[in-house]
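These notes concern the structure reproduced below.
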Amino acid sequence: MKFITRLWGSSLGKKYLMALSGIALWFFVIGHLLGNLQVFLGPDKINTYAAFLKSQPGLLWGARLGLLAMVALHVSSAISLTNLNRNARPQPYGHPRAPFGSSYASRTMMMSGLIVAAFIIYHLLHYTVQTPAVNLTGVDFSEYQEAVGTTTRHDVYRMIIIGFRHPLVSLFYIVAVGLLSLHLSHGLSSMFQSLGITRWSKTGRDCLARTAGLITFVGYASIPVAVLLGLGKEVVK
Amino acid sequence: MKVRLKVWRQSNPGTPGAFEEHETPDINPNMSFLEMLDVVNEDLASKGQEPIAFDHDCREGICGTCSLVIDGKPHGPHQGVATCQTYMRSFSDGDMITVEPFRAAPFPIIRDLVVDRKAFDRIMQAGGFISVRTGNAPDANAIPVPKIAADLAMDAAQCIGCGACVAACKNASAMLFVSAKVSHLGLLPQGQPERQRRVLAMVEAMDKEGFGACTVTGSCEAVCPKEISLDFISRMNRDYGRSLLQGEPGRKAGASDEA
């Protein structure tokens, strides 16, 4: 019992939960990116991939519920730790200097995290739930079907292309993945620190985290940018 | 040279404080920051005003008593230097210098720039010690200590417990202090018997005092007058995690927690 109270009840324990749920979410970010990048391989590849995921409801819902649990853990420990941190300094300094030696990303983790969370809700409504009201095109994405032999499957390729052709939608997406990579550039490095992994130097860990953040940004942002520059215009009119 | 001070004045813990501006009398650029405050206080006393209360003791950077947040940075503009060894030549004639007390809920203000740092003592009492057999002095070097462990332990032992890490951290976290003490004792053979109990007890005491958590901003390391490394926090995190998983040594698995 003391294990649980010490894990959730201590500042260090909550940082472990923060780091462990962060790793799980990071793995999803990478997996999702690899899946998405198939859009560059043409309609057939990504639609086959999407149909494959849909054909495995057990795995799909297992992963979704697992991710939801990780998000819940990550957010609840963040809120709890932020409260602890705010209460620890009730009176701020009079001098306006930012905390000496701290990076911008490290000071804005809560804000970047909250904006990314808001984006994720929008993103789920946009492409997963496919609520027509939020995609700004007035079309119901679930109506996009592609005929394969005697059956039909969801035309995910068409949904992505049409979805990102709207500049506002693409802009929000690019800003959000930008903030996600800022969040990762600090979060990934801190994860090693929180879990007590000192295998690599602090500079090395920071460098690794920044590179990973940058790759995430370039990878994700490349899709809306490519669509705005004309990706898929031969296939999707 | 002369400088202008924007200094926090607060007559006691209960009454709200405010900034007050003072111009210093003519000062020697080679005075330390604390000597400058001495001169200002003599001037204030001669005018019949209340002198500015501030903490100081050894004035040679080893006791950890002096504090002050100078222009938003604990211990002033330099790296690896305490307030007592910050000299007025680091400022320019006519500068406006903001001087504030360390700000953290567990460090309540006693008066002006003096804060109560007994929270650190309570953390030390919880586990910052080793148990030794008293009696005749043991043979020197009877216990072999690996060179790497000795060096690292000495780096951690540099901590003078001034609290600048707490003052600088945006979360008012005491992790750098606690991790230095945990690592200092935990690295040496003499500290092994109580290693697991120590880290659990000291972290618990730290949380009880109301210090914030670490968000790895690195501010503490950047302002530490003894340049204690952030790596010690990582080491403490690992020790705590291991102790959490192992439980206290010598206890039977599943034995009641209260035993």
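The values are calculated or read from the model by the stated rules, or taken from the named source; none is laboratory data. Everything numeric here is computed off the predicted structure, so don't read it as measured data. Ideal geometry is used to build each Cβ from the backbone, glycine not excepted, and the neighbour counts take in all protein chains shown. Just so you know, the surface numbers come from the protein's heavy atoms only, side chains and all, with ligands and any DNA or RNA stripped out. Shrake-Rupley method; radii C 1.70, N 1.55, O 1.52, S 1.80 Å.
Report yes if B:Ser234 is hydroxyl-bearing (Ser, Thr, Tyr), closer than 21 Å to B:Ala82 by Cα and facing another protein chain (nearest Cβ under 9 Å), otherwise no. In short, no. A single entry from A:Ala105, A:Ala176, A:Ala147, A:Ala117 fulfils the requirement of being in contact with a Leu (Cβ under 6 Å, 6 or more places away or on another chain), hydrophobic (A, V, I, L, M, F, W, C) and not in a loop (DSSP other than H, G, I, E, B): A:Ala105. Here A:Leu228, A:Leu180, A:Leu214, A:Leu184 are screened, and the one residue that is modelled with pLDDT of 95 or more, surrounded by fewer than 18 Cβ atoms within 10 Å (Cβ to Cβ) and under 21 Å from the mean Cα position of the chain (by Cα) is A:Leu214.
This table checks each residue for (1) under 28 Å from B:Ser183 (Cα atoms); (2) more than 13 Å from chain A (Cβ to nearest Cβ).
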position: B:Leu68; (1), (2): yes, no
position: B:Val81; (1), (2): yes, yes
position: B:Arg89; (1), (2): no, yes
position: B:Ile97; (1), (2): no, no
position: B:Phe102; (1), (2): yes, no
position: B:Leu113; (1), (2): no, no
position: B:Gly128; (1), (2): yes, yes
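Evaluated against (1) under 11 Å from the mean Cα position of the chain (by Cα); (2) more than 7 Å from chain A (Cβ to nearest Cβ), B:Ala205 falls short on exactly one condition, (1).
Being under 30 Å from B:Gln196 (Cβ atoms) and open to solvent by 10 Å² or more (accessible area, probe 1.4 Å) is a property that B:Ser131 has. Tallying residues that are open to solvent by less than 50 Å² (accessible area, probe 1.4 Å), under 15 Å from B:Asn171 (Cβ atoms) and either without any contact (Cβ under 8 Å) to a residue 60 or more places away in the chain or more than 12 Å from every other protein chain (Cβ to nearest Cβ) (or both) within region A:61-92 yields 4.
Looking only at residues of region A:187-226 that are touching a Gly at 6+ places or on another chain (Cβ under 8 Å) and either aromatic (Phe, Trp, Tyr) or over 21 Å from A:Tyr16 (Cα atoms) (or both), we find that the one that is farthest from the other protein chains (Cβ to nearest Cβ) is A:Ala221. Residue by residue through region A:187-211, note down the ones that are surrounded by fewer than 22 Cβ atoms within 10 Å (Cβ to Cβ) and aromatic (Phe, Trp, Tyr). Of everything in region A:187-211, just one residue is surrounded by fewer than 22 Cβ atoms within 10 Å (Cβ to Cβ) and aromatic (Phe, Trp, Tyr), namely A:Trp200. If you filter region A:35-60 down to residues that are farther than 15 Å from A:Val156 by Cα and in a helix (DSSP H, G or I), you find that the one that is most open to solvent (accessible area, probe 1.4 Å) is A:Leu59. Please indicate, with yes or no, whether at least one residue in region B:176-185 is among the small types (Gly, Ala, Ser) and either under 23 Å from A:His95 (Cβ atoms) or out of contact with any Phe, Trp or Tyr (no Cβ under 7 Å at 6 or more places or on another chain) (or both). Looking for residues that are among the small types (Gly, Ala, Ser) and either under 23 Å from A:His95 (Cβ atoms) or out of contact with any Phe, Trp or Tyr (no Cβ under 7 Å at 6 or more places or on another chain) (or both), one finds none in region B:176-185, hence no. Candidates are the residues of region B:178-202 that are under 24 Å from A:Ser77 (Cβ atoms) and open to solvent by less than 10 Å² (accessible area, probe 1.4 Å); the one that is nearest to the other protein chains (Cβ to nearest Cβ) is B:Leu200. Among residues of region B:7-26 being open to solvent by less than 60 Å² (accessible area, probe 1.4 Å) and within 14 Å of chain A (Cβ to nearest Cβ), the one that is farthest from B:Phe91 (Cα to Cα) is B:Thr15. Could you please give the count of residues in region B:66-102 that are of a type in the set (D, E, K, R), out of contact with any Ser or Thr (no Cβ under 9 Å at 6 or more places or on another chain) and open to solvent by 10 Å² or more (accessible area, probe 1.4 Å)? Of the residues in region B:66-102, 3 are of a type in the set (D, E, K, R), out of contact with any Ser or Thr (no Cβ under 9 Å at 6 or more places or on another chain) and open to solvent by 10 Å² or more (accessible area, probe 1.4 Å). Scanning region A:96-139 for residues that are more than 30 Å from A:Ser77 (Cα to Cα) and surrounded by fewer than 12 Cβ atoms within 10 Å (Cβ to Cβ) turns up A:Ala133, A:Gly138. Residues in region B:27-43: is at least one open to solvent by 70 Å² or more (accessible area, probe 1.4 Å), closer than 30 Å to A:Ser102 by Cα and more than 14 Å from chain A (Cβ to nearest Cβ)? No, every residue in region B:27-43 fails to be open to solvent by 70 Å² or more (accessible area, probe 1.4 Å), closer than 30 Å to A:Ser102 by Cα and more than 14 Å from chain A (Cβ to nearest Cβ).
Close contacts from region A:196-207, counting a first residue that is within 20 Å of B:Met175 (Cβ to Cβ) and in a loop (DSSP other than H, G, I, E, B) and a second that is modelled with pLDDT of 90 or more and among the polar types (S, T, N, Q), with Cβ to Cβ under 6 Å and a gap of 6+ residues or different chains, come to A:Gly196/B:Ser234; A:Gly196/B:Asn237; A:Thr198/B:Ser234. Contact annotation: residue pairs with Cβ atoms under 7 Å, 6 or more positions apart or on different chains, pairing a residue in region B:50-66 that is more than 11 Å from B:Leu113 (Cα to Cα) with a partner that is in a loop (DSSP other than H, G, I, E, B) and among the acidic types (Asp, Glu), are B:Cys63/B:Asp57; B:Thr65/B:Asp55; B:Thr65/B:Asp57.
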